[in-house]
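One structure is given below, encoded as structure tokens.
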Amino acid sequence: MAVTFQGLGAAAALSLSGSFDPNRLHLPCRRSLSVTRLSFVVRLEERIVSGSNLPPRRAQQLVSKAVATKADAASASTASKPGHELLLFEALREGLEEEMDRDPQVCVMGEDVGHYGGSYKVTKGLADKFGDLRVLDTPIAENAFTGMGIGAAMTGLRPVVEGMNMGFLLLAFNQISNNCGMLHYTSGGQFKIPIVIRGPGGVGRQLGAEHSQRLESYFQSIPGIQMVACSTPYNAKGLMKAAIRSENPVILFEHVLLYNLKERIPDEEYVLNLEEAEMVRPGEHITILTYSRMRYHVMQAAKTLVNKGYDPEVIDIRSLKPFDLYTIGNSVKKTHRVLIVEECMRTGGIGASLTAAITENFHDYLDAPIMCLSSQDVPTPYAGTLENWTVVQPAQIVTAVEQLCQ
Amino acid sequence: MALSRLSSSSASRCVDLLINPLAAAAAAIPRRLISSDTTPITVETSVPFSVHNCDGPSRSVETTPKELVSFFKDMATMRRMEIAADSLYKAKLIRGFCHLYDGQEAVAVGMEAAITKKDCIITAYRDHCTFLGRGGTLLECFSELMGRKAGCSKGKGGSMHFYKKDSGFYGGHGIVGAQIPLGCGLAFAQKYSKDENVTFALYGDGAANQGQLFEALNIACLWDLPAILVCENNHYGMGTAEWRAAKSPAYYKRGDYAPGLKVDGMDALAVKQACKFAKEHALKNGPIILEMDTYRYHGHSMSDPGSTYRTRDEISGVRQERDPIERIRKLVLSLDLATEKELKDMEKEIRKEVDDAIAKAKESPMPDPSELFTNVYAKGFGTEVYGADRKEVRSVLP
């Protein structure tokens, strides 16, 4: 994982020079990454370049590696070892396991997380290692076990509640809204709820309407909770650890299609900041704000845009509640144009709130109205072609940037 | 006739006072020495326990004079507090929802007598008296009801959100039934830390039809949690009588695989016995359901007169025959643990205490406007809450 190895010169390069010029990303390989429906395995292989040349690899992606948050630069940059490679769900598991080792109060509850190993293998092996009292298989009763997690958190335990699919957590909405979010306030600060609620959501591969929901838009108004969305193995592990260590209730949104992303992450321990956004690609012309899976669509569009001569600045906002208006604001001040690309629906989604927040705070710095590309306000259809059109595609992003930058 | 008898007894006591200064000292305090007597007394509960899937406890309850007098005092305090809250609500000092517990005091008091402060209690919105029983003060109570800073939740919770973490009172919840999974979570945490304590999750006959109850009960029984589910059956779910809401109003049997016990909830001693039994059972054999057969004199809340769905005769009938405070009063008098005058003096003193607390609470200030934004998040990773104008940022933009 080549996030801020500032001393070593950051990202991998396909070009034969070992140096990295963020302003000129020429990609000899135009093969797109995740567009084909046949494979949704995206490879993010990075090597730490210490002056050596790398042979081009099949489907290697040139992504200027996300500059890590300032707080973590120190820990990451001391790496002399190259780190280890793993898939996103393994990174989540690693983070979870490290936290469970570190703090005996951390426990996991969810459907099929124990003996089955987790429906997306995030908790595989944990039940054998930690036992049945710390990795708990629950019956199919979201309301009850989410409530139980919250009750346990009131006493000081740190449960990690898994919703097999985020959509199922709608059954626990009352518990999440009233008890999880509000108890710290209504008790006058007596109870802290250090719970983590996590699970995969988002539009997958023809999973149908009920299993393709984006709950971040429903939860975003609940006062008292924090929401984060992970998008790479590096930030998945870091955010998982931060969420578990946080005293606040945190909802960690994962994405069904991102679990098999592969990346090299540091061997050293690191914990990311829950409230900071990630600068994926610095640029000058336009700020593109995105999160979760849409990051990859944006980066794909970025390749096309760069070829057309644009220089987009891509920020993965990561923190859905509260927004990192510091990073976003700095970017808006620099580029004066904003495009938001999200997977939530048009109405009442994260993009809608973000648009409002930026307009309220940075209106004077905008040269053009904020454009927000979101999913259509429809239940996600089953048919593959229709499903594609529900979410934002890279071509639409390119068109939007061209429109904004006129 | 009665007056002369009274005056003669007081005359004889005056003589006692002159002869025995110790008695004088004791008599100067409104309590007699006997009220701290701990010689055990055994009392039979008036109504037998109904059982389901278990052998219930015996009907003979061990108690002490001290305990009986304290039952009386605590219940009288609770009753007085609720009546005072009624007048405060009508004077518009308490707003919103106010659910009063008078008539049900025996459940709170009997439960407290059977457990320690390390055991957890969680209940729904009819929580003022349970909070008092757990060690809350009258001042905290009235301040919270009036939305003042000195309230137990700093004025930000209100009537339905009383909490006292240091004595294991977890609230105070407005949504019917939502506290039951929370209670099972508390029990889970107790099992996790292996500390041999139990959780009492209270709910009403209205909440007994909630799905989450059965979900939580299933999980609690599967995982063998020390959870005791207590149904405070006051026979009305707001305006709906239990027979109109539940196909099977035998709430103690509805746990099916979980054992159940039905208790006369107006008898503080029976409640104490049942809770003691339940605690031992839960620690050994897992969850148990208690149904407390009780009654509330007020309506569901202050906006409900309480007489549209039940007759006034029914209410006064219960008050005459089953009132928990009268029962203890009769018991105390019959066992000669205190005289009627002493009990009346105790009640007067309680009334004064309550009035003092109300006066003090009225003077307590409202929370600062800045309190609007405190305690939304726990301070941890430097999260700052943004106000409506969202101008607060962590550092200055260049």
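The values are calculated or read from the model by the stated rules, or taken from the named source; none is laboratory data. Bear in mind that the values here come from a model prediction, so they are computed numbers and not experimental data. Backbone-built Cβ (ideal geometry, glycine too); neighbour counts: all protein chains shown. Ligands, DNA and RNA are excluded from the accessible area calculation, which covers all protein heavy atoms including side chains. Shrake-Rupley method; radii C 1.70, N 1.55, O 1.52, S 1.80 Å.
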Determine the shape class of chain B: with a ≥ b ≥ c the square roots of the Cα gyration tensor eigenvalues, call it rounded for a/c under 1.5, and otherwise prolate if a/b is greater than b/c, oblate otherwise.
-> oblate
Could you sort B:185-193, A:214-222 so that the peptide with the highest average Cβ count within 10 Å comes first and the rest follow in order?
-> B:185-193, A:214-222
Residue order for B:THR240, A:THR385, A:THR390 - accessible surface, 1.4 angstrom probe, largest first | A:THR385, B:THR240, A:THR390
³J(HN,Hα) computed for each position of segment B:243-255 - Karplus, 6.51 cos²θ - 1.76 cosθ + 1.60, integer Hz, glycine/proline x | 6, 8, 10, 10, 5, 10, x, 8, 4, 6, 8, 6, x
First check a/c for segment A:296-406, with a ≥ b ≥ c the square roots of the eigenvalues of its C-alpha gyration tensor; if it is under 1.5, answer rounded, and if not, answer prolate when a/b is larger than b/c or oblate otherwise.
-> oblate
B:LEU372 to B:LYS117: FRET efficiency via 1/(1 + (r/R0)^6), r the Cβ-Cβ distance, R0 22 Å, to the nearest 0.05?
-> 0.10
Using helices alone, what [θ] at 222 nm do you get for chain B, with -39,500 (n - 2.57) per DSSP H run of 4 or more residues, divided over all residues and rounded to the nearest 500?
-> -13500 deg cm²/dmol
Around B:ALA189 (Cβ within 15 Å, Cβ-to-Cβ, excluding B:ALA189; K/R +1, D/E -1) the net charge comes to +2
When we measure straight from the Cα of A:LYS129, which lysines land under 17 angstrom away, once same-chain ones fewer than 8 places off are left out?
-> A:LYS121
In whole percent, the fraction of accessible protein surface over segment A:306-406 that belongs to carbon or sulfur atoms, probe radius 1.4 Å, stands at 55
If the cut-off is 16 Å between C-alpha atoms, which lysines fall inside it for A:LYS241, apart from same-chain ones fewer than 8 positions away?
-> none
Please say if segment B:142-279 is rounded, prolate or oblate, where rounded means a/c under 1.5 for a ≥ b ≥ c the square roots of the C-alpha gyration tensor eigenvalues, and otherwise the choice is prolate for a/b larger than b/c and oblate otherwise?
-> oblate
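What is the mean number of Cβ atoms from other protein chains located within 10 Å of the Cβ atom of each residue in peptide A:243-249, rounded to a whole number?
Values: counts 0, 0, 2, 5, 6, 7, 2.
Neighbouring Cβ atoms belonging to other protein chains average 3 per residue here.
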Relative contact order [Cα under 8 Å, 6+ residues apart], chain B, whole percent = 20
Mind listing the long-range amide H neighbours of A:MET109? Cut-off is under 5 Å, sequence gap 5 or more, other chains count too, H placed in the peptide plane at 1.01 Å from N.
-> A:LEU136, A:VAL160, A:VAL161, A:GLU162
Distance in nm between label sites at B:LYS92 and B:ASP166, each 7 Å beyond Cα in the beta-carbon direction?
-> 3.7
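To the nearest whole number, what is the average tally of beta carbon atoms from other chains within 10 Å of the beta carbons of peptide B:210-221?
Rounded to a whole number, the mean comes out at 4.
Let me confirm one metric for peptide B:364-373, namely the mean number of other chain beta-carbon atoms within 10 Å of its residues' beta-carbons.
Partner-chain Cβ atoms within 10 Å, mean over residues of B:364-373: 1.
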Which value, in square angstrom to the nearest 100, describes the accessible area buried between chains B and A on both sides, using a 1.4 angstrom probe?
-> 4700
Say the cut-off is 20 Å between C-alpha atoms; which of A:LYS192/B:LYS165; A:LYS124/A:LYS192; A:LYS321/B:LYS154; B:LYS117/B:LYS272 go over it?
-> A:LYS124/A:LYS192; A:LYS321/B:LYS154
Placing each pseudo-label 7 Å from Cα in the direction of the beta carbon, B:LYS66 and B:LEU283 end up separated by a distance in nanometres of 2.1
Between A:ASN388 and A:GLU284, what is the FRET efficiency for a Förster distance of 25 Å, r being their Cβ-Cβ separation, to the nearest 0.05?
-> 0.20
Long-range amide H partners of A:HIS285 with built H, under 5 Å | A:ASP311, A:GLU313
Percent relative contact order for segment B:123-209, counting Cα pairs under 8 Å at least six residues apart, stands at 27
